Structures are given as C-alpha cells and as structure tokens.
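Please read the structure below before turning to the comments.
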Amino acid sequence: MNKATLVSIIHNFENPDKAAIHRMMDAESGTWTPISCGEFKTAVLNVAAALVDMGLGVQDAVGIMSENRPEYLTASFAAWQARCLTVGIYATSTAEQVKFLVDDAHIRVLVAGSQSHYDIARAVGVERIIVVDSSVKLADDDSTTIRWNKLLADGAAASAETRAEVERRARETNGNDLATLLYTSGTTGRSKGAMLTHHCFNVAMNIHKTRLTMLSSADTSLSFLPMTHVFELAWCTFCLFMNMEIYINEDPKRIQRSIREVQPTCMCSVPRFWEKVYAIVQEKLAKMGFVSKAMMNRALNVGRRRNLDYVRLGLPVPAMLEREYQMYNNRVFRKVRTLIGVNNGNIFPTAGAPLAPAIIEFCHAIGINIVSGYGLSETTATVTCFPQRDFVIGSVGTIMPELRMRIGENNEVQVKGGTVMAGYFNNPEATAEAFTADGWFRTGDAGRIDAAGNLFLTDRIKDLFKTSNGKYIAPQALETRLGRDAIFEQVAIIGDQRKFVTALIVPNYDILRDWADHRHLGHLSNKELAEHPRVIEHIQQRIEELTGDLASYEHIKRFALLTEPFSIEAGTLTNTLKIKRRVVADRYANLIDSLYAD
C-alpha cells in the first residue's frame, strides 16, 4: 500500500485473528488479554480518523505522555496513518519539561495516560487533550478534553470523506516526512529533538530483519522499557513489522513477575536489568553449601565451554561435552532460566551502556542469548550488535547492514547511513555541531574498532575526565565494574581535576542489613549502616576485589555512602536513568570536597 513502512505495517499483518498485543488486565491475578491484529488495525484507523476530524493537518505533532500501554502504540500508528508526527514525552517529565516540548515541537494534541499527565497537559496549555485512563477526573471547566473510548467511537463514526482523507494521507506519506521527534534527556543544556524520518524507520526495519534472522512471527516480546525511549519504540515497531506478539508490562515495579508469567522469547533491556539478575544469582550461589556450589561451578564451566567455545564460533560440539551440558541444562540451567522468566528465550538485546563481560559470559553459559548492541536516538536505535556467530564478548558487536562507521578525532565513533536523523528540530546550531564537515554523525562516544569490525566502547567523550595528575578516567567503565556486585545499587565516579578518583555510592541496604545482622552489629538504620566502620571496611574490600587489576590512578581511593538514591524525581538521573553528572557534582559539592580533604 505504501512505501512508508510505519504506515504499511498494519495493512501487512499475516493473520487478522493472531494476537498483536497483550494487555495486562489484572495485575493481581496476572491475567493478560490479547488484542488481535485486526482489532489493533481497526483501532488505529479509527483514531486516525478522529485525529483528522479534530483538525490535525499533515505533519502536525501529536504528543504522547503515558506509561507503557497498548494505547501508546495505537496513538503512534494512528498519527502515522494521518501523516502526523509523534513526540514521545517521558511519563516522569515535569511540567517545565513538558512545556518546553509542547512549545518547541508545536504539539497541538497530547495523549495523556493518567491523572498526573492530564494535570500537566492542562497546566501547560495544550490545545486538545486525549485522556486514556478512564479513572482520570477532568476539571470542571474542561470542555475540550476527550476520553479515549469517545475518541474511538468518534473515529468509528467518521464520514466516508474523512476515511478517504486518512487513506490519501497514508498513501502520500513519503520517506522525507517526519515520523517522530525524540528529545534528548537534557543532561546538559537545552533538550534537542532528533528528527527521525519515515526513511529512517524503513531502513531500520529492513536492516534488523536482515541481521536478526533467528526471529519470526512465532516469537513473543515483553515490553517494559519506556516506549518514549528509542530502543523500545524501534523494537516494538520491529516486532509488529515481523508479526511478533508484544506483551506490554504497564507497571515497571512488576517486571520480574511479568517476565515469569509471559516467559517471552525476546525482550530488549538495558544492562541494569541483567546486572541485577546476575547479582541475585551470585548472591544465592554464595549461600550454597560446598557440594551444591561445586556442582554449579562445574555446570557453569561446561556451559561456557559448550556455548562460547563451540556454539558461538559455529563449531560442532563434542558429543561428550554435549551430553554433559544437556544433563546440567535439565538439572540446573533450566531451573535458573525459568526462575528468571526466560526459559523459552531466543534473543535478548541489551543496549544503553556496555554490559560487563562476566555477566554476558554467565548468561550465555546458562543458555540466555544476550545480544549486546549500541545505538542512539539519533540513529533510530541500533548501530552495532552481536552477530549470530563469532561475536566478541567485551564488544558491542559489528556494524548493521547498510550503515558505515569510523573512528574520528578523540577516538569518537562516527556513523553514516539511512537510519541517521535528519538533524535536530528547530536547532540548526546543534545540528551543525552533530555532523562532521563530510557528513558523518558524531555520536559523542569514544571507542575503537578491531580488525574483524567489532566495536569496543570506552566512554562518553563528554563524561571522560582528567585528574589533576593528567590521567584520563572513564567513569562509566568503573561504574559498570562495581555494578556487577549486588551490594552496589548506584555509583557515581568523581575525579575531574582532582588528585585521585572517588565515588558516591548508593548501596543495596537490604543486602547490607543482612550482612550486618549476620555479624551481630544490631538493627541499624540506613544512616547508621552508611557510617559504621565495619560496613565501610566491607565496602572498601568489595571495591578492591572488583578494581584491583586496574592501573593505580584508576583505583577508587575514597568513597561516601549515600542514604538516598539517585532518581529522576530528585533530578539526579535522566529519563533514561543515566547519571546527571553536573547535577550530582553540584548537589553533593560539600560531600565531595570532604573526600579530598587531607
């Protein structure tokens, strides 16, 4: 029907009766209800008709501020059918942030998921609001907001002329049209809206289909990252493009239970998810008896040999090793995978930051196919990812088909290809800075490429800092190392223009309290734990164990334990859960200074 993939997806479903999306109907009982491809298509076209009748024109902006829910995808695909563009707004955004996006992107209609989103939309003066959650209480003087069910009904009753207009717009959508604006988290300065065209998504869908040949319409995915995030947005559109079923987890706090219920074959995630899984398993392993621990270590050794030394390289597995692996798979690995919720696993893409090699090796050893990758909002997600064979642990994979990559000045990773954004919306200065003179996108990430084409990231160039002794430090690399241990919940590495490296650490206080109880230190509050000499000594030992092989100037000489976590609400994390280093440095300036006092 159309050269714009995002528009044609709903018209190319293989079977209208097959489930496209699963909605969580009852969080308590764990009941999921399917929405068929035919039902999803009908809802999309009805909403598109309603948007046109609202007066939205070609390339007008539709904002979506909501937690993950089926309506998020319905609204997105409806906007594309109406030849509008979408602007994702993080559900945790403040009124000030939303006001900026509404004004900058000229958002005329905003889809509000819940009460707080509606209240913010009203406060910033959006022209029209669409409310999804039926429990939202509208203001007494609100005569323009429309509820989702009414929107669907209006669209279903739309005239033949409106239907024809939707069809015409969909047919005339071209690759140069904007599909979405993805705004950066704004760690420094003004947020920038990456302009992703329909051509960007056309290329992204095709190159993922070419690379991820192990996926098919038989696969199921669990969605839990914010759909505002490019990784989840691109992944969900790819799933629908491939006729894969999507289970949408609406409550981030419920993800562990949801994954066990759904047992998905694939799921995109960020490294922190697997770091926590690894830490929990390691904690349980540490508590095992001698015999059980010895068997588990033996099993892991067999798993590593089989899956990394042979399967990874496409080599035939020796018969004796295969028999031993299957024994441990049945007795040990299957139970661990089922407990996590990934026993039916196919692939589990992870990106956003490098995942520690030890965790990747562990996951592959027990049969969890972690696919490390790298991408940005500005590149419609994936730039590189593990190939099916010969992937190199420690890297973030090889370049995707049809894209080009090089290392530029200051070891910066630079990219060229059809998935690269058209620029930053309404911001020519930032656009000019983002590209080299010969047209390569500057990612801002430092890295190197080996002879086989594997990309190894070192750090964000802007995050790199130099100690007063002239030594460069990559803070993310140190933070990732400590993140392997469950006792470290959050870490911020400090040291720019300082004599040595220090750290602000948010420990896992439940683990610390359990450790203290076993040593009869008494029932201590978080503050008392953070100040207790035995606890501080224990944390120091764990740090030394994890960083002892580094150069002396990279060692964390001093640290402070925080009792309050970094958070989006506190302004110390971005919406993508990255540390706002400037904010942290300013907020904890006195504490940091005390770490360097003689």
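Computed from the coordinates by the stated procedures, all read-outs in this text should not be read as laboratory data. Model, not experiment: these values are computed from the prediction. Please note: Cβ atoms are built from the backbone with ideal geometry, for glycine as well, and neighbour counts cover all protein chains shown.
Here are the numbers for this structure:
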item: For the stretch 212-276: relative contact order, % (alpha-carbon pairs under 8 angstrom, 6 or more apart); result: 43 percent
item: DSSP-defined beta bridges in the stretch 1-108 - what % are antiparallel, rounded to 5; result: 50 percent
item: CD proxy at 222 nm, helix term only [per DSSP H run n ≥ 4: -39500 (n - 2.57); per residue of the chain; nearest 500]; result: -11500 deg cm²/dmol
item: Kirkwood Rh, angstrom, the stretch 480-598 [1 / mean 1/r, Cα pairs]; result: 15.1 Å
item: In the stretch 456-561, the trypsin sites (Lys or Arg not before Pro) that fall in loop regions by DSSP, at most 14 other Cβ within 10 Å; result: LYS462, LYS499, ARG519
item: Summed residue charge, Cβ within 13 Å of ASN243's Cβ, Lys/Arg positive, Asp/Glu negative; result: -1
item: Measure of compaction for the chain (Cα Rg per 2.2 N^0.38 Å); result: 1.00
item: Sum of side-chain charges, PHE391 neighbourhood, beta-carbon under 15 Å (Lys, Arg +1; Asp, Glu -1); result: 0
item: Peptide ranges 444-451, 97-104, 488-495 listed from the most packed, as the mean C-beta count within 10 angstrom indicates; result: 488-495, 97-104, 444-451
item: Relative contact order (%) - criterion: Cα under 8 Å, at least six apart; region: the chain; result: 11 percent
item: Convex hull volume per residue for the stretch 234-292, taking Cα atoms only, in Å³; result: 115 Å³
item: Within the chain: Cβ-based charge dipole about Cα centre, in debye rounded to nearest 20 (Lys, Arg +1; Asp, Glu -1); result: 1600 debye
item: Nearby aspartates and glutamates by direct alpha-carbon distance to LYS137 (threshold 13 angstrom, same-chain neighbours under 8 apart not counted); result: ASP119
item: Relative contact order for the stretch 479-598, counting Cα pairs under 8 Å that sit 6 or more residues apart, in percent; result: 26 percent
item: Members of LYS18/LYS335; LYS284/LYS578; LYS557/LYS578 lying beyond 26 Å, as alpha-carbon distances in this model show; result: LYS18/LYS335; LYS284/LYS578
item: Inter-part distance where the stretch 426-448 and the stretch 294-363 are each reduced to a Cα centre, Å; result: 39 Å
item: Area projected by the alpha carbon convex hull of the stretch 413-464, averaged over all directions, nm²; result: 4.6 nm²
